[in-house]
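Undergrad: Below is a structure I'd like to ask you about.
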Amino acid sequence: MTYVVTDNCIACKYTDCVEVCPVDCFYEGENMLVIHPDECIDCGVCEPECPADAIRPDTEPDMDAWVEFNRQYALVWPVIITRKDPLPEATERDGETGKREKYFSEAPGQGG
């Protein structure tokens, strides 16, 4: 099992999760985070830290595409280990549907 970040992170990018991760497997895009599924040790400490409920176990239905999505961007985005402020529109966008099609950016974040 591994944990992955899903579309509710897009346009929110809460980073509370990165500071509790014992293996630094979070990677930062311009407007979301991903978890490298091969680096995640399945400890689960990140999941309750996400205010947007965007971190899910890969054992839930239909997670295969999110596992590959997380792997793809973890390979090109910088690692993030320090908490940052969420995006300005985080509260407004939290829970919105269709965020991947509307807002997702492939651009990397700054990491750190």
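Bear in mind that the values in this text are calculations on the coordinates, not laboratory data. The shown structure was predicted, so the numbers you read here are calculated from the model rather than taken from an experiment. A quick note on method: Cβ atoms are made from the backbone with ideal geometry, for glycine too, and the neighbour counts reach across all protein chains shown.
Undergrad: How high is the relative contact order of the chain, in percent, with contacts defined as C-alpha pairs under 8 Å that are six or more residues apart?
TA: Working: 236 pairs, mean separation 47.8, N = 112.
The normalised contact order for the chain reaches 43 percent.
Undergrad: Sticking with this structure for a sec: Across the Cα atoms of the chain, what radius of gyration and what greatest pairwise Cα-Cα distance (Dmax) are found, in Å?
TA: Rg and Dmax of the chain, Cα atoms, are 12.2, 33 Å.
Undergrad: Could you line up THR91, THR97 from fewest to most neighbouring Cβ atoms inside 10 Å? Each step should come with its number before you reach the end.
TA: Details: THR91 12, THR97 9.
The order, fewest Cβ neighbours first, is THR97, THR91.
Undergrad: Please arrange MET63, MET1 by counting, for each residue, the other beta carbons lying within 10 Å of its beta carbon, fewest first. Walk me through the intermediate numbers first.
TA: On the way: MET63 20, MET1 10.
Ranked by crowding around the Cβ, least crowded first: MET1, MET63.
Undergrad: Continuing with the same structure: Would you kindly state how much longer the chain becomes between ASP38 and GLU68 on full extension, computed as 0.36 nm times their sequence separation minus their alpha carbon distance, in nm to one decimal?
TA: Numbers: separation 30, 0.36 × 30 = 10.80 nm, distance 1.06 nm.
Here the segment from ASP38 to GLU68 would lengthen by 9.7 nm.
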